[in-house]
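Participant: Take this structure, written in structure tokens, and hold onto it; I'll ask about it next.
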Amino acid sequence: MKPLLILLTLTVGLSAQATKAPAAKKGASICAQLDEAVEMGTPSQKLNRFFATQWKYNMTEYPEFATYVGYPGQNDRWSDSSLATIQRHRNETHCALAALVKIPRASLKGEERINFDLAKRNFEMGIEGAKFEGDYLVLDHLNGLHMGIADMLTAMPTANKLDYENMISRLNKVPLLEEQTEILMREGLKRKVTPVKMFLARVPSQFDRVLTAKIEDSPIFKPFAEMGVNITPEDKADLQKRAKEAIETNVYPALKKLKTFVVNDYIPGARTSISYADMPNGKAWYAYMVKSHTTTRLTPTELHDLGLKEVARITQEMEAVKTQAGFKGSLKAFNEFLLSDKQFYYTNKEE
């Protein structure tokens, strides 16, 4: 799974916990911190300390998400996407689950029990998902570093000079981010875990829309072009100058390098099949994806059959409505009639 997706699955309900995370012993691992969090107190206190500790961990391990939720102190950083850190996160998911289940669920009530169950399921899904190789799927026609930089800067606060300093800091760290991204993509090529080739064909032009001839025209520079009155003219000129230097010196070369790899290696080596089943362990991977997205225990085939039955049921009901309305044409013509005839549309707010 992608790092941000792991984060989203592991933090359901955690931000709602008001308990402050206990002070960690210097150098203590997250596993040790979580074990300490569930050692003493009532089950309710243990759960709240566990969530507070896990939330702080997630905010520091995934600074992009910290920015999105307004958690302070992380806006100058990117997540570490190295292979070593990915493996460490997998190991830490195991010890987080082990610490959580030390809390007696039967002693929890109401929302606390729900939060416990959600967290337990999410850790278990994270562990199961690690069997597959989604960590290598870090760029496609919908997501990737070529889009993520501008998106991240747009989401960042712009209240004062420090906010823009943080943006520049992130811009200067893009080369390492590109290096880690390319390593994951190359590993994906080796393992035959890639997006679909026909969709990747759209990606080079997406790079071009970011790598504009004039840096001022790039969406990456946009936050610096639209500074508010809370930034003095002197600071504005200095920040814009430094942002342009960071983009020219670090961001553009990194993105051009990544684009070259995408065009010369990644797209030619990408899979032509659109089916997950054609990737390594693909059938089991697809079944896992179905389970994680639907929260059912139905197999892909069972869900597909259910879908066909529902289509047939709804079609039968629509035919009945068509007959009741006295429409003489086909169901397709009836649908077009419903979409196009003015009698089915409101014309003012009172209606």
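Participant: With assigned to a loop (DSSP other than H, G, I, E, B), at pLDDT 95 or above, open to solvent by less than 70 Å² (accessible area, probe 1.4 Å) and out of contact with any His (no Cβ under 9 Å at 6 or more places or on another chain) as the only criterion, which of 140, 117 stands out?
Facilitator: Of the residues listed, the single one that is assigned to a loop (DSSP other than H, G, I, E, B), at pLDDT 95 or above, open to solvent by less than 70 Å² (accessible area, probe 1.4 Å) and out of contact with any His (no Cβ under 9 Å at 6 or more places or on another chain) is 140.
Participant: Can you name the number of the only condition in (1) in contact with a Phe, Trp or Tyr (Cβ under 9 Å, 6 or more places away or on another chain); (2) touching a residue at least 40 places away in the same chain (Cβ under 8 Å); (3) of a type in the set (Val, Ile, Thr) that residue 321 fails?
Facilitator: Evaluating residue 321 over (1) in contact with a Phe, Trp or Tyr (Cβ under 9 Å, 6 or more places away or on another chain); (2) touching a residue at least 40 places away in the same chain (Cβ under 8 Å); (3) of a type in the set (Val, Ile, Thr) leaves (2) as the failure.
Participant: Specify which of the listed residues (287, 277, 254) is under 23 Å from residue 170 (Cα atoms) and either in contact with a helix residue (DSSP H, G or I) (Cβ under 9 Å, 6 or more places away or on another chain) or among the small types (Gly, Ala, Ser) (or both).
Facilitator: Numbers: 287 fails: under 23 Å from residue 170 (Cα atoms); 277 fails: under 23 Å from residue 170 (Cα atoms).
The conditions single out 254.
Participant: Related question: Go through region 201-242 and give me each residue that's in a helix (DSSP H, G or I), free of Cβ contacts under 8 Å to residues at least 12 places away in the same chain and not charged (D, E, K, R).
Facilitator: 205, 233, 237 - these are the residues of region 201-242 that are in a helix (DSSP H, G or I), free of Cβ contacts under 8 Å to residues at least 12 places away in the same chain and not charged (D, E, K, R).
Participant: Looking at region 68-77, is at least one residue touching a helix residue (DSSP H, G or I) at 6+ places or on another chain (Cβ under 9 Å), in a helix (DSSP H, G or I) and open to solvent by less than 60 Å² (accessible area, probe 1.4 Å)?
Facilitator: Within region 68-77, the subset touching a helix residue (DSSP H, G or I) at 6+ places or on another chain (Cβ under 9 Å) is 68-69, 71-77.
Remaining after also requiring in a helix (DSSP H, G or I): 68-69.
Now drop any that are not open to solvent by less than 60 Å² (accessible area, probe 1.4 Å), which leaves none.
No: region 68-77 contains no residue that is touching a helix residue (DSSP H, G or I) at 6+ places or on another chain (Cβ under 9 Å), in a helix (DSSP H, G or I) and open to solvent by less than 60 Å² (accessible area, probe 1.4 Å).
Participant: Testing residue 179 on (1) within 17 Å of residue 268 (Cα to Cα); (2) surrounded by fewer than 20 Cβ atoms within 10 Å (Cβ to Cβ); (3) within 21 Å of the chain's Cα centre (by Cα), one condition comes back false. Which one is that?
Facilitator: With (1) within 17 Å of residue 268 (Cα to Cα); (2) surrounded by fewer than 20 Cβ atoms within 10 Å (Cβ to Cβ); (3) within 21 Å of the chain's Cα centre (by Cα) applied to residue 179, the lone miss is (1).
Participant: Okay, moving on. Under 8 Å by Cβ, and 6 or more places apart or on different chains, what pairs join a residue from region 99-127 that is farther than 13 Å from residue 50 by Cα and in contact (Cβ under 8 Å) with a residue 24 or more places away in the chain with one that is of a type in the set (Val, Ile, Thr) and not in a helix (DSSP H, G or I)?
Facilitator: Hits for this filter: 107/42; 118/12; 122/12.
Participant: Counting only residues that are assigned to a helix (DSSP H, G or I) and either modelled with pLDDT under 95 or among the small types (Gly, Ala, Ser) (or both), which one in region 249-271 is farthest from the chain's Cα centre (by Cα)?
Facilitator: Step by step, filter region 249-271, then rank; the result is 269.
Participant: Can you tell me which residue within region 243-290, out of those that are farther than 25 Å from residue 147 by Cβ and touching a residue at least 60 places away in the same chain (Cβ under 8 Å), is surrounded by the most Cβ atoms within 10 Å (Cβ to Cβ)?
Facilitator: Of everything passing the filter in region 243-290, 288 is surrounded by the most Cβ atoms within 10 Å (Cβ to Cβ).
The values are calculated or read from the model by the stated rules, or taken from the named source; none is laboratory data. Everything numeric here is computed off the predicted structure, so don't read it as measured data. Counting neighbours? That spans all protein chains shown, and the Cβs are built from the backbone with ideal geometry, glycine included. Please note that ligands, DNA and RNA were not included when accessible areas were found on the heavy atoms of the full protein model with its side chains. Shrake-Rupley method; radii C 1.70, N 1.55, O 1.52, S 1.80 Å.
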